[in-house]
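Colleague: One structure, as structure tokens, below. Some questions next.
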Amino acid sequence: MNPHALSILLSSLAVGTITTLSSSHWFLAWVGLEINTLAMIPLMTKMHHPRSTESATKYFLTQATASALILFSTITNAWATGEWTITTMNDSTSTLMLTIALTIKLGIAPFHLWLPDVMQGLNLTTCLILATWQKLAPMSLMIMTNHQLNTNLLITMAVLSTVIGGWGGLNQTQIRKMMAYSSIAHLGWMMLILSFSPSLTTLNLMIYLMLTSSMFLMMTTLNSTSINKLSTSWLKTPLLASSMMITLMALGGLPPTSGFLPKWLILQEMTKQHLGAVSTLMAMSALLSLFFYLRLSYAISLTTTPNTSNSNMTWRMTHNQMQMLPTMITLTTMMLPITPTLLAMLN
């Protein structure tokens, strides 16, 4: 893609997200979401492949539906209450429509079906943007309106998302689809705690962004999109392959990695709210996700390919992504000891 066009599209993505994050009026927030969507579609179609065109079409249709529903819910709320401010969604019907619209935008179950198919048709860099940056604007709107959303609906969607996110990734061989189901499962944890502790939702979102970014950057460096391609990575870059294995364990939520931190705090908060059954169900559904992370880890570290690789060592090649990787891997693995500092910052 032309560098000038690429810089304009990436700037538009940033402007759209920042507009939504900084707005207090619903119309301005909606405009930010629209700028985000329209800037994302050319990035999706830059590969000139039928799969990328299909992904861009599916993405446009789902996001346009969600945007129309957001606009309709805010107009209904303004008609009923006379308010356009984001924090005053007092009409119950409007709040329900808004929750559905934002969950469609985020890809939360049961409105998740578009996400794995869309991510499978994109290159890894665009997948990284879709799985991380594109979650910021809708999630910020959910955090801003958390005190008016239906708690029972959010808990139901959270449990559905973690179960479907774990179940859907079990039989996949394509890593992009696995990461899509991983995203659905992580968003379920954020939805669960949203009504009770928005600061924990923010912490979970931050750690999810770091884990997913480091995973996609490593996949881009290794140029791996399937389990078969990933199984040769140990021969080429043992250090990066072992780092990827640790990142997968962090995504699964195993201590002492950073991924254990949000799950631990969320389960602790849920037991304080006397929701032991929901906490148990969420912890058990996290084991489903952990299974396919372990499957990937096995393919990376314990599977030896039948042929010897004659290619140059990948670490000798220059990659722009390699500049960020050490920082991302460090954050992925070593944030658990600074838990009290993080909680103090968020509260």
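Colleague: Can ASN152 be described as free of Cβ contacts under 8 Å to residues at least 24 places away in the same chain and within 26 Å of MET245 (Cβ to Cβ)?
Modeller: Criteria not met by ASN152.
Colleague: Something else about it: Please go through (1) in contact with a Cys (Cβ under 7 Å, 6 or more places away or on another chain); (2) of a type in the set (A, V, I, L, M, F, W, C); (3) closer than 13 Å to LEU33 by Cβ for MET119 and return the number of the only condition it doesn't satisfy.
Modeller: That leaves (3) as the condition not met.
Colleague: ASN223 versus (1) surrounded by fewer than 20 Cβ atoms within 10 Å (Cβ to Cβ); (2) on the phi < 0 side of the Ramachandran plot; (3) at pLDDT below 90: which is the lone unmet condition?
Modeller: Tallying (1) surrounded by fewer than 20 Cβ atoms within 10 Å (Cβ to Cβ); (2) on the phi < 0 side of the Ramachandran plot; (3) at pLDDT below 90, ASN223 fails exactly one: (2).
Colleague: Ok, one more. Residue check: is THR45 in contact with a helix residue (DSSP H, G or I) (Cβ under 6 Å, 6 or more places away or on another chain), under 30 Å from MET89 (Cα atoms) and either part of a helix (DSSP H, G or I) or open to solvent by less than 50 Å² (accessible area, probe 1.4 Å) (or both)?
Modeller: Judged against the criteria, THR45 is not a match.
Colleague: From the list LEU240, LEU251, LEU235, LEU217, pick out the single residue that is more than 21 Å from the chain's Cα centre (by Cα) and either under 21 Å from THR327 (Cβ atoms) or among the β-branched types (Val, Ile, Thr) (or both).
Modeller: LEU240
Colleague: Additional query: Report whether or not LEU69 is under 20 Å from ASN150 (Cβ atoms) and in contact with a Leu (Cβ under 9 Å, 6 or more places away or on another chain).
Modeller: It is true that LEU69 is under 20 Å from ASN150 (Cβ atoms) and in contact with a Leu (Cβ under 9 Å, 6 or more places away or on another chain).
Colleague: If you scan region 195-218, which residues turn out to be over 11 Å from LEU346 (Cα atoms), among the small types (Gly, Ala, Ser) and part of a helix (DSSP H, G or I)?
Modeller: Of everything in region 195-218, those that are over 11 Å from LEU346 (Cα atoms), among the small types (Gly, Ala, Ser) and part of a helix (DSSP H, G or I) turn out to be SER213, SER214.
Colleague: Within region 20-41, is even one residue hydroxyl-bearing (Ser, Thr, Tyr), open to solvent by 30 Å² or more (accessible area, probe 1.4 Å), assigned to a helix (DSSP H, G or I) and closer than 26 Å to ILE143 by Cβ?
Modeller: yes
Colleague: In addition: List pairs: first in region 242-255 and closer than 15 Å to ASN204 by Cα and in contact (Cβ under 8 Å) with a residue 12 or more places away in the chain, second charged (D, E, K, R) and in a helix (DSSP H, G or I), Cβ under 6 Å, 6+ apart or cross-chain?
Modeller: Close Cβ pairs (under 6 Å, with a partner that is charged (D, E, K, R) and in a helix (DSSP H, G or I)) amount to GLY253/LYS263.
Colleague: Being within 15 Å of the chain's Cα centre (by Cα), at pLDDT 95 or above and closer than 23 Å to ASN204 by Cα: is that true of THR125 here?
Modeller: Answer is no for this residue.
Colleague: How many of the residues making up region 262-282 are open to solvent by 40 Å² or more (accessible area, probe 1.4 Å), free of Cβ contacts under 8 Å to residues at least 24 places away in the same chain and on the phi < 0 side of the Ramachandran plot?
Modeller: Matching residues across region 262-282 total 7.
Colleague: Search region 216-239 for residues that are under 17 Å from ILE129 (Cβ atoms) and pair each with any residue that is open to solvent by 20 Å² or more (accessible area, probe 1.4 Å) and among the basic types (Lys, Arg) when their beta-carbon atoms are under 8 Å apart and the residues are at least 6 apart or on different chains.
Modeller: THR225/ARG176
Colleague: Among (1) of a type outside the set (Ser, Thr, Tyr); (2) under 13 Å from TRP133 (Cβ atoms); (3) under 19 Å from the mean Cα position of the chain (by Cα), which single condition is PHE60 missing?
Modeller: Checking PHE60 against (1) of a type outside the set (Ser, Thr, Tyr); (2) under 13 Å from TRP133 (Cβ atoms); (3) under 19 Å from the mean Cα position of the chain (by Cα), the one that fails is (2).
Colleague: Need a quick list: helices (runs of 4 or more DSSP H) entirely within region 56-158 having at least 2 residues that are among the polar types (S, T, N, Q) and open to solvent by less than 30 Å² (accessible area, probe 1.4 Å).
Modeller: Where helices (runs of 4 or more DSSP H) fall fully within region 56-158 and carry at least 2 residues being among the polar types (S, T, N, Q) and open to solvent by less than 30 Å² (accessible area, probe 1.4 Å), they are 92-106, 133-144.
The values are calculated or read from the model by the stated rules, or taken from the named source; none is laboratory data. All figures in this text were calculated on a predicted structure; none of them were measured in a lab. Glycine also receives a Cβ, built like all others from the backbone with ideal geometry; neighbour counts cover every protein chain displayed. To get the accessible areas, we keep the full protein, side chains included, count just its heavy atoms, and leave off ligands, DNA and RNA. Shrake-Rupley method; radii C 1.70, N 1.55, O 1.52, S 1.80 Å.
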